[in-house]
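Working notes, structure below.
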Amino acid sequence: MVEAGPRGAEAVAVQGRRVAAAGARLAGESRTTMSVPESREGAAGNVAGYLAAASIAVSAVGIAYRPVRTIPIAIVVALIAVVMAGPTNRLPSIAVLFGGVAFVVGMTIAVATESSLW
């Protein structure tokens, strides 16, 4: 068994750690820990992503339905999303680019089919 005295207390502590580690392994817990990098975006990055997605959807609708009325609003929303998201999120920048291309394509289709711009 375990001896009494200072060395005995050390042995008890070591034995206790071994038992705790064995119990943790039996319970399915691992001995190693992993660190996950924290997201720097937070709530603003999430909202910016939703705004960018909405901007892309409105720009796509604007190609077929009154591009002068809908697409500039979508581009402004995408620019707000770019400011909110910061440099790590690329979706708002893609939304601004998509809005510009959609405006050119929508205006070309509207002029070619002689439909209303407003």
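The values are calculated or read from the model by the stated rules, or taken from the named source; none is laboratory data. What you see is a predicted model, and the numbers here were worked out from it, not measured in a lab. Don't worry about glycine lacking a Cβ; one is built from the backbone with ideal geometry, like all the others, and counts go over all protein chains shown.
Going by the conditions given, is Arg7 more than 16 Å from Leu97 (Cβ to Cβ), at pLDDT below 95 and part of a helix (DSSP H, G or I)? Here the answer is yes, as Arg7 does meet what is asked. The sole residue among Arg18, Arg69 that is of a type in the set (D, E, K, R), at pLDDT below 95, within 25 Å of Leu117 (Cα to Cα) and part of a helix (DSSP H, G or I) is Arg69. Checking the structure you have, find out if any residue of the stretch 88-108 is free of Cβ contacts under 8 Å to residues at least 40 places away in the same chain, outside any helix (DSSP H, G or I) and in the same structural domain as Val58 (by TED's automatic domain parsing). Yes, the stretch 88-108 contains a residue that is free of Cβ contacts under 8 Å to residues at least 40 places away in the same chain, outside any helix (DSSP H, G or I) and in the same structural domain as Val58 (by TED's automatic domain parsing).
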